[in-house]
Amino acid sequence: MKDSPYNFGPTLRLEADAVGPPGQRTFRLLAANQEGAACLWLEKEELQALGVAIDQLLARLSNRSEWKLYGAPPNPFCPSEGFPAIPLVEFKVGQLSLGYESDSRTFVLLVHDSDADPEGPPTFTCATSVIQMRQLGQQIPAVIAAGRPRCPLCGDALEPEGHSCVRAN
């Protein structure tokens with residue numbers, strides 16, 4: 001993690017958020033440490049994939065004895081509330097990796113800027129606790145589901161002006 005231009009180290013907060021009205025939302029991860037905040041913009045599908053990766057990693061690690069010490073995540077979150085208006089780091093995510101360091105019992109997020117070499121060092125790194133990662137894993141589906149409702153037949157987004165469902169014909 002030392003080769004990263006922006007090594008946030010342990011985060012105080014790591015949250016998922018969406019900005020804009022349903023149908024025009026943009027998605028981001030917000031990270032904060034004692035020095036400031038980072039805003040990492042990503043696509044809805046990328047955020048969804050991160051949520052799946054978190055769930056899979058937590059499920060794989062949950063049988064470890066040291067995990068019995070960790071309870072349920074804290075109370076529901078208030079996305080972006082309390083984050084600095086101007087982050088120290090802000091970019092569009094090109095590649096994102098998630099790992100677990102068993103020695104320190106922390107999760108590590110490695111993020112490459114969309115303009116960076118994916119084979120080079122990550123643009124941004126941070127470490128999070130088990131509880132923070134559990135909370136993020138629960139936030140992501142809630143943030144994604146807060147968009148436009150889906151058609152129960154075809155799964156496409158329902159537009160305010162109406163929906164022409166192929167399966168309804």
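For beta carbons closer than 6 Å, sequence separation of 6+ or different chains, a first residue in the range 21-35 that is surrounded by fewer than 18 Cβ atoms within 10 Å (Cβ to Cβ) and a second that is among the charged types (D, E, K, R) and part of a loop (DSSP other than H, G, I, E, B), the qualifying pairs are Pro22/Arg148; Gly23/Arg148. Here is the figure for the range 137-167: residues that are closer than 29 Å to Leu58 by Cβ and either of a type in the set (Asp, Glu) or in a helix (DSSP H, G or I) (or both) total 9. Select from the range 10-49 the residues that are in a strand (DSSP E or B) and touching a Ser or Thr at 6+ places or on another chain (Cβ under 8 Å) and list them in ascending order. Within the range 10-49, Pro10, Leu14, Glu15, Asp17, Ala18, Val19, Leu30, Ala31, Ala32, Trp41 meet the criteria. Consider the range 1-55 and keep the residues that are under 20 Å from Ala85 (Cβ atoms) and of a type in the set (Gly, Ala, Ser). The one that is nearest to the chain's Cα centre (by Cα) is Ala16.
If the condition is being at pLDDT below 90 and either surrounded by fewer than 19 Cβ atoms within 10 Å (Cβ to Cβ) or of a type in the set (Phe, Trp, Tyr) (or both), then the range 127-139 contributes only Ile131.
I'd like the residue in the range 99-126 that is in contact (Cβ under 8 Å) with a residue 40 or more places away in the chain and farther than 27 Å from Ala59 by Cβ and, out of all such residues, is surrounded by the fewest Cβ atoms within 10 Å (Cβ to Cβ). That would be Pro121. Filtering the range 108-136 to residues that are of a type outside the set (A, V, I, L, M), farther than 13 Å from Arg13 by Cα and not in a loop (DSSP other than H, G, I, E, B) leaves His112, Asp113, Phe124, Thr125.
Before we move on, is Glu90 over 16 Å from the mean Cα position of the chain (by Cα) and either within 28 Å of Pro21 (Cα to Cα) or modelled with pLDDT of 90 or more (or both)? Against the criterion (over 16 Å from the mean Cα position of the chain (by Cα) and either within 28 Å of Pro21 (Cα to Cα) or modelled with pLDDT of 90 or more (or both)), Glu90 does not qualify.
Summed over the range 10-43, the residues that are under 14 Å from Ala127 (Cα atoms) and touching a strand residue (DSSP E or B) at 6+ places or on another chain (Cβ under 6 Å) give a count of 12.
Conditions (1) farther than 20 Å from Glu45 by Cβ; (2) among the aliphatic types (A, V, I, L, M), marked per residue:
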position: Glu90; (1), (2): yes, no
position: Ser102; (1), (2): yes, no
position: Gly120; (1), (2): yes, no
position: Ala127; (1), (2): yes, yes
position: Gln139; (1), (2): no, no
position: Ala142; (1), (2): no, yes
position: Arg150; (1), (2): no, no
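Suppose we keep only residues that are small (Gly, Ala, Ser) and loosely packed, with under 15 Cβ neighbours inside 10 Å within the range 141-169. Which one would you say is farthest from the chain's Cα centre (by Cα)? Taking the candidates together, the pick is Ala168.
The values are calculated or read from the model by the stated rules, or taken from the named source; none is laboratory data. Small disclaimer: the values here were computed from a predicted structure and weren't measured. Every residue, glycine among them, receives a Cβ derived from its backbone with ideal geometry; neighbour counts consider all protein chains shown.
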